[in-house]
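Worksheet: the structure to be examined is printed underneath.
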Amino acid sequence: MFHRFRAVPAACCLLFTVFSASAAAPAVRSEVKGLHIAARDALPAPRKPQVLEEGHFCRMQVTEPKTTAGRAVAARGWYVTSEVQGGGYTSVGAFSRGGEGTSGTCLIADGNVFVFRGPALAAIVYGDPAEDEYVGGPIGGVAGTTLPDRVRITDRTPPNLAQADLRFSADAIEVVAVAERETFCGNLVIPNLRGMDIPETRKVLAKAGWHPAPPAATDEEDRFDAAAGYRAKGLTEFETCSGTGYGFCAVNYERADGAQLHVTTLGDEPPTVSAYDVQCEAR
């Protein structure tokens, strides 16, 4: 790519040379099947962008950009879903097309992650093309992690399934598997529970000092809640479950020091972990 520049003072040229040398393009690689990353310095326009009519489920995924990088992506014609700053970069999740699924789900079809270093685009993460352009793909957006060098790639469906991590280093941007563990509250190490069923989750957490936290006394209406059935089977950590759609359940654990772990499960027989978060002990 060639650019034309007007003549500028020698001092400016020197500053430009120094900046360019310090901003050498990072190496890029992907270790995750179906996800790819390419070094890029020019922001592409979306191909066949979709106009999201009023009421379309995907309109709920579109956010107002807060960062310079996010605004640049939106100005190019992409729908921005998320922005995360970490590892010295700004990662912007965006899409141009999507279909409608169950329970108000936006099935993002043309999702990408645009990675910026300062105001300049450094790389683009994209997935294998879908057979149907309105069937959801693996990339919907990005989310933060507790790890300073990682940003998580998710599909942005209601379960917000984690697909991979972006790992940053001084000279590389890598697409890697979701971290095996994260540290919360300064010293609480939680293994990656995603995809585990609750009996297995119980065993893993028990080794780290977590135990089920049964909900407060329930009333008669609980007989219509699947959580009551799980509690009757001895899984006392189930608080409540939705009766339709993805079948989400809220499941809770706690430690003797007061820390609480809030887990969201997906599906049934057995429900599996889709997300979780930690509430630190009271200070």
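Listed values, structure above:
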read-out	value
F248 accessible area, assembled protein chains, probe 1.4 Å, Å²	60
Surface accessible to a 1.4 Å probe, per residue, for the residues of the chain, Å²	55
Solvent-accessible ranking of T102, T154, T146, largest area first, probe 1.4 Å	T102, T146, T154
Isotropic mean projected area of the C-alpha convex hull, the chain (nm²)	19.4
The stretch 42-152: relative contact order in percent, alpha carbon pairs under 8 Å with at least 6 residues between	24
Span per principal axis, largest first, for the Cα atoms of the stretch 241-283 (Å)	38, 15, 14
Anchor K66: aspartates and glutamates whose Cα lies under 19 Å away (excluding residues fewer than 8 positions away in-chain)	E83
Y276 - accessible surface, heavy atoms, 1.4 Å probe, Å² rounded to 10	30
Carbon and sulfur %, accessible surface of the chain computed with the full protein complex present, 1.4 Å	54
Leading residue at positive end of dipole, the stretch 73-212 (Cβ point charges), from V135, P119, T102	P119
Calculated FRET efficiency for the pair R47/T146, C-beta based, R₀ 35 Å, to 0.05	0.45
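The values are calculated or read from the model by the stated rules, or taken from the named source; none is laboratory data. The structure displayed is predicted, hence computed values, not measured ones. Cβ sites come from the backbone with ideal geometry, for glycine too, and all protein chains shown count toward neighbours. For accessibility, only protein heavy atoms count, side chains too; no ligands or nucleic acids. Shrake-Rupley method; radii C 1.70, N 1.55, O 1.52, S 1.80 Å.
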